[in-house]
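First up is the structure itself, then whatever we jot down about it.
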There are 2 protein chains.
Amino acid sequence: MTISMVIFPNLTQLDLTGPYEVFGRLSHTKVFLIAESLEPVKSDNGLLLIPDATFETAPPADVLFVPGGRGIFDAMQSKTLISFLQTQAKNAKYITSVCTGSLVLAAAGLLDGYKATTHWLSLDLLKLLNVDVVEERVVIDRNRITGGGVTAGIDFGLYVASKLFSDDIAKEVQLMMEYNPAPPFNAGSPKLADEKIVERVVHSRKAIQQQRAELIKKLLRKQN
Amino acid sequence: MTISMVIFPNLTQLDLTGPYEVFGRLSHTKVFLIAESLEPVKSDNGLLLIPDATFETAPPADVLFVPGGRGIFDAMQSKTLISFLQTQAKNAKYITSVCTGSLVLAAAGLLDGYKATTHWLSLDLLKLLNVDVVEERVVIDRNRITGGGVTAGIDFGLYVASKLFSDDIAKEVQLMMEYNPAPPFNAGSPKLADEKIVERVVHSRKAIQQQRAELIKKLLRKQN
């Protein structure tokens with residue numbers, strides 16, 4: 001089983017490292033980080049990731065995966081990245097993303113008419129892209145599997161493991177990862193957090209979300 | 001605020017990348033990956049991490065952090081790593097770990113007489129090391145903060161963020177990370193998982209746990 005995880009500058013590293021931890025524990029499975037070149041890729045909080053292969057040298061993927069993060073702004077406009085996804089998607093068993101990675105899949109036309117999800121801040125943006133947006137933590141529609149924001153990648157990874165192998169294999173990985181979460185606060189979704197916390201986060205991301213909306217509208221105009 | 005995260009070959013990457021994602025989102029905070037040399041460090045499932053500084057060039061840490069993983073077997077015996085922890089611990093505000101990182105802290109004598117926790121498979125090993133072992137997901141005793149296995153690092157990171165800054169700051173990070181976990185299975189602790197799943201995991205790790213127990217007994221004999 002070959003799992004190809006696409007990386008690009010300013011990705012959110014936990015979107016990727018959460019499911020990587022699940023996939024890395026599966027037998028008969030090889031995980032590749034795939035990028036434009038073999039140079040280290042810096043995440044939006046500074047962590048450096050080293051690619052295993054480039055868009056040109058990557059093997060055919062059974063599972064194609066795209067993380068999210070600030071870098072999706074450039075990733076959605078990268079002809080080489082979008083074309084890599086479109087080519088690999090033809091033969092992939094599963095086409096997947098976590099967080100705003102689904103905006104990149106959608107920009108490549110790979111979620112047209114599919115149910116999918118994304119980070120709660122970007123649900124409205126995904127709706128612009130011909131996607132049937134579902135507000136759930138992990139959404140499975142035929143061979144498309146998408147996760148919500150950042151930490152949803154761990155739940156997502158376990159769903160993918162159960163699809164690829166079995167529930168028992170996924171449960172063994174969950175137990176080894178001691179995934180019995182106990183968040184210290186009840187603030188993990190805009191429905192649960194205090195209004196002032198939600199407002200502060202929405203405010204701090206307003207400019208980025210607006211830029212993304214404008215980019216999506218530009219991409220849609222180009223297509224038509 | 002300087003957060004120094006020690007890395008070593010065969011660490012479990014999510015022990016580190018979970019809390020890194022929390023710390024990387026805090027203002028006025030610089031996160032460093034510190035290793036023996038500046039060469040990339042390979043995690044136990046293949047992810048390569050690039051150090052920011054060495055044990056010799058690292059700045060003084062406000063928060064000292066140790067992850068776990070298979071590599072703790074060598075880390076517990078590394079004179080340079082143990083001596084780095086002991087030196088930095090003298091002035092650190094918080095001395096912390098996730099997963100079996102607490103065995104490394106304990107081998108450095110930094111948990112003597114403290115309450116602490118570790119991955120569920122290694123609770124008995126931590127008890128050998130003069131530690132008051134508590135079976136909780138995150139344990140805070142004075143300035144020692146320790147997390148349980150792998151994914152406990154996210155809960156741990158949020159506790160540390162609230163200690164360093166405030167509950168509101170930690171909640172904002174939790175909301176941005178959409179940390180509203182929904183595991184697909186109820187198998188994240190040996191108390192919850194089916195007996196056959198627990199047995200399989202315990203069996204698969206038996207040799208490693210035995211090696212660790214022998215190493216700890218050897219280290220204790222040396223100290224006396």
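Structure values in brief
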| read-out | value |
| --- | --- |
| Heavy-atom accessible surface that B and A bury in contact, both chains counted, 1.4 Å, Å² to 100 | 5600 |
| Gyration tensor (alpha-carbon) shape descriptor, the stretch B:2-184, a/c threshold 1.5 | rounded |
| Pairwise FRET efficiency - B:Ser83 versus B:Glu39, Cβ, R0 = 35 Å, nearest 0.05 | 0.95 |
| Under 15 Å, Cβ to Cβ, from A:His119 - net charge with Lys/Arg +1 and Asp/Glu -1 | -1 |
| Computed magnitude of the charge dipole of the stretch B:106-224 (debye, nearest 20; Cβ of K, R +1, Cβ of D, E -1) | 740 |
| Solvent-accessible ranking of A:Tyr159, A:Tyr179, B:Tyr114, largest area first, probe 1.4 Å | A:Tyr159, B:Tyr114, A:Tyr179 |
| Partner aspartates and glutamates for A:Lys79 [C-alpha distance under 17 Å; skip if fewer than 8 residues away on the same chain] | A:Glu36, A:Glu56 |
| Candidate aspartates and glutamates - alpha carbon under 19 Å from A:Lys115, same-chain residues fewer than 8 apart omitted | A:Asp124, A:Asp132, A:Glu135, A:Glu136, A:Asp141, A:Asp155 |
| Convex hull volume per residue for the protein assembly as shown, taking Cα atoms only, in Å³ | 127 |
| Considering only the stretch A:2-184, percent of DSSP beta bridges that pair antiparallel, nearest 5 | 25 |
| Sum of side-chain charges, B:Asn224 neighbourhood, beta-carbon under 12 Å (Lys, Arg +1; Asp, Glu -1) | +4 |
| Label distances, nm, A:Ser83 versus same residue in remaining copies, Cβ-directed 7 Å point | 5.5 |
| Fraction of beta bridges assigned by DSSP in the protein assembly as shown that are antiparallel (%, nearest 5) | 25 |
| Whole-Å semi-axes of the stretch A:132-224's equivalent ellipsoid (Cα gyration tensor) | 30, 23, 9 |
| Set of lysines with alpha-carbon distance to A:Lys163 below 17 Å, sequence-local pairs under 8 removed | A:Lys30, A:Lys93, A:Lys171 |
| Rounded if a/c under 1.5, otherwise prolate or oblate - the stretch B:38-140, Cα gyration tensor axes | oblate |
| Mean-position separation - Cα centroids, the stretch B:117-137 and the stretch A:138-205, in angstrom | 27 |
| Distances in nm from A:Arg142 to the matching label points in the other copies, shortest first (labels 7 Å along Cα to Cβ) | 6.2 |
| Within the stretch B:29-122, percent of DSSP bridges classed antiparallel, to nearest 5 | 25 |
| Sites A:Gln211 and B:Arg142 - FRET efficiency at Förster radius 45 Å, r taken between beta-carbons, to 0.05 | 0.50 |
| Ascending list, in nanometres, of distances separating the A:Thr2 label from those of the other copies (7 Å, Cα toward Cβ) | 4.5 |
| Rel. contact order, % - alpha carbon contacts under 8 angstrom, at least six apart, chain A | 18 |
| Sum of side-chain charges, B:Ile7 neighbourhood, beta-carbon under 14 Å (Lys, Arg +1; Asp, Glu -1) | -4 |
| Distance between the stretch B:32-62 and the stretch A:1-66 - C-alpha centres, whole angstrom | 20 |
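The values are calculated or read from the model by the stated rules, or taken from the named source; none is laboratory data. Since this is a predicted model, take the numbers as computed values, not measurements. Ideal geometry is used to build each Cβ from the backbone, glycine not excepted, and the neighbour counts take in all protein chains shown. Remember, those area values only see protein heavy atoms, side chains included, never the ligands or the DNA or RNA. Shrake-Rupley method; radii C 1.70, N 1.55, O 1.52, S 1.80 Å.
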